[in-house]
1. Which whole-angstrom value gives the distance between the alpha carbon centres of segment 161-178 and segment 202-236?
2. How do 229-238, 200-209 rank on mean C-beta neighbours within 10 Å, highest first?
3. Please check: in the Gaussian network model of the chain (C-alpha springs, under 10 Å), which one of 316, 359, 92 has the largest mean-square fluctuation.
4. For segment 358-370, in order, what is each residue's ³J(HN,Hα) by Karplus, 6.51 cos²θ - 1.76 cosθ + 1.60 with θ = phi - 60°, in whole Hz (x at glycine and Pro)?
5. May I ask for the angle, rounded to the nearest 10°, between helix 258-268 and the longest principal axis of the chain, with both axes built from Cα atoms and the value confined to 0 to 90°?
6. Give me the compactness ratio for segment 187-320, meaning the Cα radius of gyration over 2.2 N^0.38 Å.
7. Largest first and in whole Å, give the semi-axes of the chain's equivalent ellipsoid, each being the square root of 5 times a Cα gyration tensor eigenvalue.
8. Nearest 10 degrees, 0 to 90: what angle lies between the long axis of helix 290-302 and the longest principal axis of the chain (Cα atoms)?
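The values are calculated or read from the model by the stated rules, or taken from the named source; none is laboratory data. Just so you know, these numbers come straight off a predicted model, no measurement behind them. Heads up, the Cβs are rebuilt from the backbone with ideal geometry, glycines too, and the neighbour counts pull from every protein chain shown. Side chains included, ligands, DNA and RNA excluded: accessible areas come from the protein's heavy atoms. Shrake-Rupley method; radii C 1.70, N 1.55, O 1.52, S 1.80 Å.
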Amino acid sequence: MDKHRSRWTYSFTKLIFWTTLFAGTILFVCFHSPPSDSPSIHPKMKWGSPQWEKRVKSSARSRSGHFTVLVTGAAGFVGSHVSAALKRRGDGVVGLDNFNSYYDPSLKRARQKLLERNGIFVIEGDINDRHLLEKLFDVVAFTHVMHLAAQAGVRYAMKNPGSYIHSNIAGLVSVFEACKSANPQPAIVWASSSSVYGLNSKVPFSEKDRTDQPASLYAATKKAGEEIAHTYNHIYGLSITGLRFFTVYGPWGRPDMAYFFFTKDILKGKSINVFEGSNNKSVARDFTYIDDIVKGCLGALDTAEKSTGSGGKKKGNAQLRVFNLGNTSPVPVTKLVSILEKLLKVKAKKNVLPLPRNGDVMFTHANISYAHKEFGYKPTTNLQMGLQKFVNWYLDYYSVSEKKKSFW
Ligand SMILES: O=C(O)[C@H]1O[C@H](OP(=O)(O)OP(=O)(O)OC[C@H]2O[C@@H](n3ccc(=O)[nH]c3=O)[C@H](O)[C@@H]2O)[C@H](O)[C@@H](O)[C@H]1O
């Protein structure tokens with residue numbers, strides 16, 4: 001009887017074991033099955049798989065006569081707007097972004113979702129991943145690279161200096177390496193920064209002014225990037241255009257920037273720190289609206305000449321340019337705050353503090369005549385108008401439903 005019971009118990013245990021294993025396998029297969037070709041997000045799709053290649057190629061498809069552009073930092077603020085604009089006019093766009101957590105990655109995922117809804121595949125990967133870049137250039141003959149991936153923010157550089165070296169130096173070299181070895185070599189347009197002017201006091205800042213006094217490690221890495229660009233242009237014949245962006249703001253912006261977190265804190269009734277110089281001198285920025293920046297990026301891309309080399313060999317001299325993309329009218333930070341107060345209909349609680357010595361500069365002011373001459377760059381949005389658009393977006397994004405969100 002005991003023997004019978006133990007055999008029964010043994011069989012029952014075996015049944016439970018096999019049932020659990022079977023059910024577990026089914027669940028595993030369901031939740032880990034390779035993603036379909038639908039434009040939804042598949043961050044875990046293995047790069048290099050036939051399905052991945054298919055999505056890359058489909059995303060890269062352009063209207064006849066248009067460009068095929070690899071946009072790095074595509075889920076970032078400027079990257080997402082530029083990707084959308086390129087796609088809208090018929091260029092093929094493939095995005096790359098590492099979705100790091102420097103600021104809320106859910107905002108990056110929301111931008112990715114919008115791009116993917118409009119046929120742009122944003123690959124989750126790092127610009128330092130040499131094999132991934134090589135693979136991308138194997139799969140697609142990119143005509144252009146819009147390199148916007150970077151570690152941004154001037155003050156954060158004191159907290160995490162390594163991240164600036166990783167993204168803005170090593171990452172930039174990795175992108176240039178992939179481009180120089182590609183056949184054909186693409187033309188490159190990349191994001192430098194107004195911060196390279198550092199302690200320069202001659203205004204407005206012109207591309208010919210000195211840029212050897214950076215005030216932050218961020219600025220130093222962008223300046224180093226400009227020198228590295230010279231090297232790759234000189235040795236390999238890469239066509240390279242650097243864009244010095246001046247405090248870009250607008251809808252879908254970066255939460256680490258002052259206009260963004262001032263808005264958040266004012267609405268929450270939290271106090272904000274407003275910096276000022278010695279003798280109550282106001283700190284000012286040449287705030288530039290995102291749509292103007294996008295036009296500048298496209299203008300730079302459209303006037304970029306082809307790289308002259310191929311497969312790592314230079315065949316002749318290539319174009320090397322640097323442009324200011326600013327708004328040409330600096331606004332004091334105190335004015336920024338008063339515009340926000342009016343738009344939000346809330347009085348800000350302000351702590352006025354001396355400008356900390358942590359990378360900030362007193363003012364920025366762009367001379368944009370070179371970009372105007374080369375590709376008709378002409379900003380049209382003043383801070384009042386631009387902040388109105390930002391606030392509309394902010395209130396909508398943080399309160400209302402999915403459907404309304406769009407770049408288009
Ligand atoms: O043009 C650039 O190349 C850079 O622009 C941007 O840097 P900044 O111009 O410094 O913007 P942002 O931090 O928004 O501070 C704006 C103003 O608010 C003041 N500020 C700031 C914080 C604060 O708590 N209080 C304050 O008064 C502060 O003193 C400043 O005057 C990008 O972040 C950077 O990635 C880079 O792209």
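1. 15 Å
2. 229-238, 200-209
3. 316
4. Result, ordered by residue: 10, x, 5, 10, 5, 7, 9, 7, 8, 9, 10, 5, 5 Hz.
5. Roughly 70 degrees between the two axes.
6. In units of the 2.2 N^0.38 Å rule of thumb, it is 1.29.
7. The three semi-axes for the chain are 42, 30, 20 Å.
8. For helix 290-302, the angle is close to 90 degrees.
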